[in-house]
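The values are calculated or read from the model by the stated rules, or taken from the named source; none is laboratory data. The shown structure was predicted, so the numbers you read here are calculated from the model rather than taken from an experiment. Quick reminder, even Gly has a Cβ in these numbers, built from the backbone with ideal geometry, and neighbours come from all protein chains shown. Remember, those area values only see protein heavy atoms, side chains included, never the ligands or the DNA or RNA. Shrake-Rupley method; radii C 1.70, N 1.55, O 1.52, S 1.80 Å.
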Amino acid sequence: MSGNNRKRREDIYKGPRKVTIKKTDTGFGFNVRGQVSEGGQLKSINGVLYAPLQHVSAILENGSAEMAGVRPGDRILEVNGENVEGSTHRQVVELIKAGGNELRMTVISVPAKDAQRLDPDDDFFYDYDDIRKIEIDVPEYEHVEEEGSKFVVYCIHLKGKLVMKRRYSEFLLMYEELMKIFVEFDYPKFPSKKLFQLSEQQLERRRSMLETFIQETFKRRVIQECDVVMDFLKIESFDNEPDNSEPETHDYNADEELGEVTKPKFEKVEKPQTSQSKVNGISEQVKEKSDDIDINLPNQSSVSCKKHLTTEETLKEVVGSLDLPDNLLPFFCLFVRKERNFYCRLRSDESLAKHAKMASSKHKRAHFAVRKWIFNKAQEKALLARNEELLILLYNQAVSDVKENRIQVTSRVASQLAMMSSMNKHSEYLELVNDSPTYGCVIFPHCSCDSRKRGHVIVNISYEAFKLFACTEDGELESQVIEFEWSEMKDWEVRKSTEDEEKISFCFQYQRGEKKARWVKIFTTYEDYMFDCFSRVMTERKWEEELTSNPGKKSPDNPFIKEGITTVQSSNDDDGDL
Amino acid sequence: MNFFGFGSGAEIEILLDGADKRKKVEHKISENKSEELSVYYDGETVSGAVSISLKPGGKLEHKGIKIELIGQIEILYDRANQHDFATLTKQLASPGILNQSKVYAFEFPHVEKPYESYFGSNVRLRYSLKVTVGRRLTDLNKELEFVVHTLSTYPDTNTSIKMEVGIEDCLHIEFEYNKQKYHLKDAIIGKIYFLLVRVKIKHMEMHVIKRETTGTGPSVYHDDDTVAKFEIMDGAPVKGESIPIRLFLGGYNLTPSMRDINRKFSVKYFLNLVLIDEEDRRYFKQQEIILWRKGDVPRRQINSAIEESTQRFGA
């Protein structure tokens with residue numbers, strides 16, 4: 001035959017080769033996947049016809065199989081001397097087990113494109129739990145005008161870099177194509193079509209849903225590798241380039257599933273990366289190898305702090321840069337963004353590094369922000385009247401909250417707000433948004449509750465009441481709402497899991513009239529934050545009471561002010577101004 | 001056959017390497033004609049030579065000579081819809097002038113041939129090599145069709161089909177066929193057992209039906225064709241009687257079952273058991289079977305394959 005003189009190591013992978021794998025404490029270090037039935041159509045691998053073959057679906061990093069030279073996608077021809085062409089999955093697994101601690105296999109490697117051709121999709125199910133983490137998100141959208149028509153495109157980022165901009169109809173088409181191929185996959189919710197033009201709020205909602213959709217869907221390896229997805233993102237492959245944008249290297253956790261695929265050994269030279277990502281209009285510069293973290297401030301800028309500080313120290317530093325007078329310090333706290341648009345307050349002794357690490361293990365960046373920490377709206381107004389610096393801070397937070405649906409407004413109000421915002425009418429904006437029933441509320445992500453056998457609840461804490469909104473287990477609102485007045489609350493606490501109680505919960509006890517006091521358990525992941533909010537409202541109520549009953553003699557740690565009084569002169573007159 | 005207008009005088013011929021050693025089959029190329037064509041399998045290299053012969057003293061000016069390997073699916077009723085699922089091209093000569101007869105060698109290495117050649121009533125799948133000599137006014141073409149067979153392997157013992165069917169209070173039968181998957185030269189061995197007979201049966205037949213399904217979604221079209229028909233019982237059976245079935249498939253013109261080929265068409269086979277009574281009423285039970293083509297490719301020795309590949313690629 002024609003002499004092929006190139007002695008590249010890859011060439012020996014073109015034909016079958018023998019490998020010997022010894023069992024270690026991590027097993028053999030590979031997964032097998034393939035057809036359930038026996039026999040089938042013969043297909044060619046590098047010009048030779050083979051019956052359907054089981055293949056290696058995953059390799060454990062530094063495991064025994066990898067060391068022996070087995071690569072993901074390798075087809076298995078023989079196991080311990082026995083030919084397994086056309087074998088069922090079970091037969092191959094049994095043969096492997098029968099060999100005990102040693103495994104001799106004959107394998108043949110195939111390029112990724114051939115691998116798709118060789119696995120027909122009718123004889124076995126796609127392994128949707130085989131997850132290969134990719135850092136993909138849709139952080140923003142843009143209005144474009146092309147040839148006279150205006151539409152919106154959503155920017156898709158991979159590993160922090162923009163890869164593609166697609167409009168909703170293209171997302172929808174991709175989704176429909178995927179449904180034809182991966183028929184039985186349980187797709188996450190896809191944003192619905194709308195007949196009319198969408199408001200900014202609706203667009204933001206849609207962007208968020210699209211982001212969640214592709215994050216949940218594209219993390220499955222089988223879906224990632226299909227043509228529809230590759231074409232949609234217009235990429236050749238999800239290059240396993242080492243991620244230079246994350247300062248923290250990914251900690252290899254021994255508890256992780258064996259499904260993790262290692263980065264392929266033979267790959268192109270990595271290009272050095274600096275990435276910039278835009279989130280919520282506040283741009284963050286991602287640095288390499290730093291131990292700083294960035295915190296978003298309500299004045300639309302961000303500040304860098306050392307990671308190893310506690311919340312309290314960081315807060316002091318950060319608030320200092322805002323030039324806030326000391327009396328306003330108690331009304332601002334550090335929050336970290338969890339889930340979809342939900343900010344969780346950090347306690348003063350918490351370390352930021354912990355959250356940064358948690359986020360980086362999910363290939364995301366932790367978003368910290370300074371936000372207001374006050375429930376009493378009247379007091380907020382009073383403080384606003386006194387301190388002008390507060391206006392811009394509260395305004396920016398309100399704009400961001402409206403945009404991301406933390407404050408829910410009707411579309412009429414939304415358009416009015418948009419108008420005020422464009423004209424920079426800050427105080428008018430705040431006045432209008434104050435009327436919204438969800439202003440000044442902390443709304444928690446839905447969770448289960450012991451008073452509901454089926455379905456979830458959404459907890460809404462505001463100065464006026466503690467509300468439980470009934471919803472489905474997917475978070476869709478139902479009609480029931482239960483309101484508790486703060487005066488009815490007798491006790492509240494966080495219960496950690498013990499032998500009797502399986503889950504951590506936030507519990508509160510209420511009493512209505514002469515009835516017996518009852519405890520309610522809420523199984524939320526944010527039990528500490530819920531506890532803090534609850535306590536804060538109770539504390540603010542105490543402060544307010546103190547002010548009304550004893551205006552002259554308020555306790556030193558009561559930061560509330562009485563409206564209308566400019567000097568701290570004690571007066572026994574009842575101003576009735578609060 | 002080489003009818004070129006205006007006396008260009010050039011004759012094109014495509015010759016396949018190893019054609020005399022290669023297996024050939026009789027394959028329909030048009031409604032009335034069959035030809036003996038070479039058989040290729042998936043992954044095999046398709047190579048050969050293109051010979052262009054000129055009349056003595058003649059010359060041929062051309063804009064380039066190329067050869068294409070085309071795999072196409074043609075759906076007859078759908079606007080003569082032709083879909084090429086595989087196209088490989090090799091340039092044989094760049095624009096120039098030929099003064100004498102010339103032979104060009106070509107090779108398409110390890111060509112993927114995922115589907116079997118099929119000549120059906122509404123849909124055709126075929127592979128061909130096509131040579132095109134580009135010219136100013138009209139191109140010269142020559143085409144050579146070849147056949148692709150897809151081979152499969154299934155274990156000898158697969159589960160039998162056994163079912164009890166009938167009409168309430170009239171007729172109950174239990175039928176059994178020895179396999180679900182049969183190769184093209186196989187025999188269907190089975191039996192029919194009568195559990196309840198309250199009708200007067202005249203005779204019983206067995207049909208092999210080929211169903212060709214074209215189109216997807218709303219425009220699906222089935223074409224049923226009875227490929228084989230024979231009588232397995234004559235006369236009235238009684239309760240408790242068992243009738244054997246022995247149907248040799250080799251005698252019929254069958255193709256392997258094809259499922260959703262390139263999402264364009266399917267070919268399925270059914271065994272139809274038909275009972276006819278004295279009043280010419282027909283009772284039937286249809287059952288799908290899978291037909292496959294057995295490879296006469298010898299069981300490969302893996303060890304020699306490894307040796308060969310290490311030699312070839314020089315580890």
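Enter the accessible area per residue of the range B:161-292 (Å², integer; probe 1.4 Å; all protein chains in place).
It amounts to 52 Å² per residue over the range B:161-292.
Using unit Cβ charges (K, R positive; D, E negative) and no other charged atoms, how large, in debye to the nearest 20, is the dipole of the range A:11-120 about its Cα centre?
Values: 14 positive and 13 negative charges, 29 e Å.
That gives the range A:11-120 a dipole magnitude of about 140 debye.
Taking every eigenvalue of the Cα gyration tensor of the range A:356-499, multiplying by 5 and rooting it, what semi-axes result, largest first, whole Å?
30, 20, 18
Treat each spin label as a single point 7 Å out from the Cα along the C-beta direction, and report the A:LYS193 to A:SER535 distance in nm.
5.2 nm
At each listed q (0.11, 0.15 Å⁻¹), what is the log10 of I(q)/I(0) that the Debye formula gives for the range A:128-237 modelled as equal alpha-carbon point scatterers?
Normalising to I(0) and taking log10 leaves -0.34, -0.64.
So which lysines pass the test for B:LYS33, namely a Cα distance under 22 Å, with those fewer than 8 places away in the same chain ruled out?
B:LYS33 reaches B:LYS23, B:LYS24, B:LYS130, B:LYS142, B:LYS210.
Leaving out same-chain residues fewer than 8 places away, which lysines sit with a Cα under 23 Å from that of A:LYS357?
Cα-Cα hits under 23 Å: A:LYS133, A:LYS159, A:LYS161, A:LYS219, A:LYS263, A:LYS278, A:LYS287, A:LYS289, A:LYS306, A:LYS307, A:LYS316, A:LYS338.
Whole-Hz Karplus ³J(HN,Hα) for the range B:15-28, in order, using 6.51 cos²θ - 1.76 cosθ + 1.60 and θ = phi - 60°, x for Gly and Pro?
Running phi through 6.51 cos²θ - 1.76 cosθ + 1.60 with θ = phi - 60° gives 10, 9, 5, x, 4, 6, 8, 7, 5, 10, 9, 7, 9, 6 Hz.
What does the structure give for A:30-43 when I average, per residue, the other chain Cβ atoms found within 10 Å of the residue Cβ? Mind showing how you got there, number by number?
Details: counts 0, 0, 0, 0, 0, 0, 0, 4, 6, 8, 4, 13, 11, 9.
Across A:30-43, the average partner-chain Cβ count within 10 Å equals 4.
When all protein chains stay in place, what accessible area (Å², nearest 10, 1.4 Å probe) is found for A:HIS89?
A:HIS89 has an accessible surface of roughly 60 Å² with all protein chains in place.
Give the A-B buried accessible area in Å², both sides summed, 1.4 Å probe, nearest 100.
The contact between B and A buries close to 2400 Å².
Show the residues, 5+ positions off or on another chain, whose built amide H is closer than 5 Å to the amide H of B:ALA10.
Amide H to amide H, under 5 Å and 5 or more residues apart or across chains, B:ALA10 pairs with nothing.
Heavy atoms only, 1.4 Å probe, whole protein assembly: order A:ILE235, B:ILE245 by accessible area, highest first.
A:ILE235, B:ILE245
Let me know the mean shielding of A:78-86 by other chains, meaning the per-residue number of their Cβ atoms within 10 Å of its Cβ.
2
Suppose R0 equals 35 Å. What FRET efficiency, 1/(1 + (r/R0)^6) with r the Cβ-Cβ distance, do B:PHE284 and A:ARG33 give to the nearest 0.05? Please list the in-between numbers first.
Details: r = 41 Å, r/R0 = 1.19.
That gives a FRET efficiency of 0.25.
Which FRET efficiency value, to the nearest 0.05, do you get for A:ASN83 and A:VAL19 by plugging their Cβ-Cβ distance into 1/(1 + (r/R0)^6) with R0 = 22 Å? It would help to have the intermediate numbers written out before the result.
On the way: r = 16 Å, r/R0 = 0.72.
Computed FRET efficiency for A:ASN83 and A:VAL19: 0.90.
On a full-extension model of 0.36 nm per residue, what is the gain between B:SER121 and B:ASN262, subtracting their alpha-carbon distance, rounded to one decimal in nm?
Full extension of this stretch gives 49.0 nm more.
Pop out the ³J(HN,Hα) list for the range B:145-160 in order, Karplus 6.51 cos²θ - 1.76 cosθ + 1.60 with θ = phi - 60°, rounded to Hz; leave Gly and Pro as x.
Whole-Hz 3J(HN,Hα) from phi for the range B:145-160: 8, 9, 9, 10, 10, 9, 9, 9, 9, 9, x, 5, 9, 10, 4, 7.
Go through the range A:394-401 residue by residue and turn each phi into a ³J(HN,Hα) via Karplus (6.51, -1.76, 1.60, θ = phi - 60°); whole Hz please, and just put x for glycine and proline.
5, 4, 4, 5, 4, 4, 5, 5
When we measure straight from the Cα of A:LYS97, which lysines land under 17 angstrom away, once same-chain ones fewer than 8 places off are left out?
Result set, ordered by chain and number: A:LYS22, A:LYS23.
Given all pairs of different Cα atoms, what value in angstroms does the Kirkwood hydrodynamic radius of the range B:10-148 take?
After inverting the mean inverse Cα-Cα distance, the result is 16.1 Å.
If amide H atoms are built 1.01 Å from N in the plane of the peptide, which residues on other chains or at least 5 residues away come under 5 Å of the amide H of B:TYR154?
It is A:GLY40, by chain and number.
Antiparallel DSSP bridges in the range B:161-292: what percent, to the nearest 5?
Roughly 95 percent of the DSSP beta bridges within the range B:161-292 come out antiparallel.
Please list the equivalent ellipsoid semi-axes of chain B, computed as the square roots of five times the alpha-carbon gyration tensor eigenvalues, in descending order and whole angstrom.
Largest first, chain B gives 50, 24, 16 Å.
Using amide H atoms built in the peptide plane, which far-off residues or other-chain residues are under 5 Å from A:LEU49 H to H?
Amide H to amide H, under 5 Å and 5 or more residues apart or across chains, A:LEU49 pairs with nothing.
Just subtract the alpha-carbon distance of B:ARG198 and B:GLU241 from 0.36 nm times their residue separation and send over the number in nm, one decimal.
On the way: separation 43, 0.36 × 43 = 15.48 nm, distance 1.34 nm.
So the extension gain works out to 14.1 nm.
Can you compute the modelled spin-label distance between A:ASP186 and B:ILE276, with each label point 7 Å from Cα toward Cβ, in nm?
Here the modelled spin labels are 5.5 nm apart.
Using a 1.4 angstrom probe on heavy atoms only, work out the carbon and sulfur share of the accessible area of the range B:10-148 in %.
Of the solvent-accessible surface of the range B:10-148, carbon and sulfur hold 45 percent.
Would you mind checking A:LYS43/B:LYS113; A:LYS377/A:LYS521; A:LYS18/B:LYS294; A:LYS43/B:LYS90; A:LYS150/A:LYS193 for any pair whose Cα atoms are more than 20 angstrom apart?
A:LYS377/A:LYS521; A:LYS18/B:LYS294; A:LYS43/B:LYS90
What share of the DSSP beta bridges in chain B is antiparallel, in percent to the nearest 5?
Counting DSSP beta bridges with both partners in chain B, the antiparallel share is about 95 percent.
Put a dot 7 Å past each Cα toward the Cβ at B:MET163 and A:TYR128; how far apart are the dots in nm?
If labels sit at A:TYR128 and B:MET163, their model points lie 3.1 nm apart.
Mind putting a number on the dipole of the range B:10-148 about its Cα centre? Charges go on the C-beta only, +1 for Lys and Arg and -1 for Asp and Glu, and I need it in Debye to the nearest 20.
Values: 20 positive and 21 negative charges, 110 e Å.
Its charge dipole is roughly 540 debye.
What FRET efficiency comes out for the pair B:LYS63/A:VAL152, r = Cβ-Cβ distance, R0 = 35 Å, nearest 0.05? Provide the component values of the computation, followed by the final result.
Working: r = 49 Å, r/R0 = 1.39.
That gives a FRET efficiency of 0.10.
Report the accessible area of A:ILE482, computed with a 1.4 Å probe over the heavy atoms of all protein chains in place, in Å² rounded to the nearest 10.
We get 60 Å² for A:ILE482.
Provide Rg over Rh for the range B:161-292; use the alpha carbon set for both Rg and the Kirkwood Rh (inverse mean inverse pair distance).
Rounded to two decimals, Rg/Rh equals 1.01.
Counting only other chains, and only Cβ atoms inside 10 Å, what mean value do you get across the residues of B:35-44?
Values: counts 0, 0, 0, 0, 0, 0, 5, 9, 9, 4.
Mean partner shielding for this stretch: 3.
Leaving out ligands and nucleic acids, note down the accessible area per residue over the range A:304-371 with a 1.4 angstrom probe, in whole Å².
On a per-residue basis, the range A:304-371 sits at 47 Å².
Comparing the chain by itself with all protein chains present, which residues of the range B:96-112 are at least 20 Å² less accessible (probe 1.4 Å)?
B:HIS110, B:GLU112
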